[in-house]
Every structure is written in C-alpha cells, then in structure tokens.
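Worksheet for the structure shown next.
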Amino acid sequence: MKKLKIGGLKQSLELCQFDLRGPDSSEEIASKVSTLLLYQKINMEFLTYYPNRNSYHQLTFCISQDKFFTTSEILKKECSLPIGWEINSRGHVGIITIFPHQSAIKILGVIMVSWAAQSIPIYGIATSLSAISFVTDYYLIDKATEVIQDLFQLPEDHAPIKPEIRYYQSDIVKGD
C-alpha cells in the first residue's frame, strides 16, 4: 500500500496543559490569561479557545513543563479568573504537529484510529490551513511519532523532528 505524503512532522519539548472552563463571561478570558502569563514571561506554545454560547467556554493552553508550578499559582490566585471558571491541568505532555500537504481530513482520521489502536491518548487537537497539532503524553511522543512515520511518507529533505532549542522572553528592553 502506498503511503500518504505529508509535508512535515515536528515534536515539541516537554510541556504541561491547562484547561480553563467556565460560564459565559463578559471578560475576554484568553486576553486575561495571556496578560497574566506575559507578566511572568511565560510563553504559550499551544492555545485553543472553544466558545459555546449556551453552557460554557473552554480555553486550553500548553506551556513549558518547568513553568507548571508558577502558572498553577498564578491561575489559583484570587481574582485571577472570572467567577465560575474551573482549572484542570495535566503535566508532562507534548505536541506533535503534522503538515498534511493535502488530504488533511483523511490524515486526521488515520492518526486518530492508529493512535487509539496503540493506546496513545489525545488531549487536544488544533488545525489550521497548514498544520494539525495533537497533544499527548510526553513519554509516548516518540512512539506516536514512530506510528506516524510508519503510516506516512515524509519529504526527503525533512527538517529535524525534535526541537533543538527553547525560546524564552528576555528581560532586556531596547531603548532609544
């Protein structure tokens, strides 16, 4: 059987995930959380927002695993989140991003079925015109990548799959 072609594949470094869920609120939760993390120089590496007008809204984001405790403390602090919002978190996750080239829906289905057969959980999915990102357990990220590599054909000149550096915000401010 001929493998489907994908345009690329990459893994994240070790992350943690926060799911914030709450009632319809006049406050912009994504903006508020982003501002709280900005003040602590914490970068979001994954962000999805699901508005549901009738029952709840959900904001999911992933950050570096080494910022788990700091972020938990920030979010639990009184008045950080609007009333009625709950916080669930998960440590030690990673993101695998696929660049589907074409056939994004078919590729999404194949990965979901294949990972389920290998007991690889999916804690989040985000799609765009050029990428599909999956959040899973970090200790399974190499296994998940192997499953994808067995199913799909990567380009011959593919960039490294594993990240080589991590970016942090600087304290240095350039002035006039």
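The values are calculated or read from the model by the stated rules, or taken from the named source; none is laboratory data. Predicted model, so just to flag it, every value in this text is computed and none were measured. Every residue, glycine as well, gets a Cβ built from its backbone with ideal geometry; the counts of neighbours run over all protein chains shown.
Give all pairs with beta carbons closer than 6 Å in which a residue from region 120-145 that is over 10 Å from PRO100 (Cα atoms) meets a residue that is in a helix (DSSP H, G or I); count only pairs at least 6 apart in sequence or on separate chains.
ILE120/LEU140; ILE120/ALA144; THR136/ALA144
Regarding ILE132, is this residue buried (at least 17 other Cβ atoms within 10 Å of the Cβ), β-branched (Val, Ile, Thr) and under 20 Å from GLU28 (Cβ atoms)? Break it down into steps so the answer makes sense when it comes.
Working: buried (at least 17 other Cβ atoms within 10 Å of the Cβ): yes; β-branched (Val, Ile, Thr): yes; under 20 Å from GLU28 (Cβ atoms): no.
Judged against the criteria, ILE132 is not a match.
If you check LYS67, LYS106, which single one turns out to be farther than 29 Å from SER34 by Cβ, part of a helix (DSSP H, G or I) and modelled with pLDDT of 85 or more?
Numbers: LYS67 fails: farther than 29 Å from SER34 by Cβ.
Sole residue among the options that is farther than 29 Å from SER34 by Cβ, part of a helix (DSSP H, G or I) and modelled with pLDDT of 85 or more: LYS106.
Of all residues in region 102-129, count the ones that are crowded, with 17+ Cβ neighbours inside 10 Å and either more than 21 Å from THR60 (Cβ to Cβ) or within 15 Å of the chain's Cα centre (by Cα) (or both).
Within region 102-129, the subset crowded, with 17+ Cβ neighbours inside 10 Å is 104, 107, 111, 115, 120, 124.
Now narrow it down to the ones that are either more than 21 Å from THR60 (Cβ to Cβ) or within 15 Å of the chain's Cα centre (by Cα) (or both): 107, 124.
Matching residues across region 102-129 total 2.
Quick one: what pairs do we get from region 64-78, first residue free of Cβ contacts under 8 Å to residues at least 40 places away in the same chain, second in a helix (DSSP H, G or I), C-beta under 6 Å, 6+ apart or different chains?
Between residues of region 64-78 that are free of Cβ contacts under 8 Å to residues at least 40 places away in the same chain and residues that are in a helix (DSSP H, G or I), the close pairs are ILE74/LEU36.
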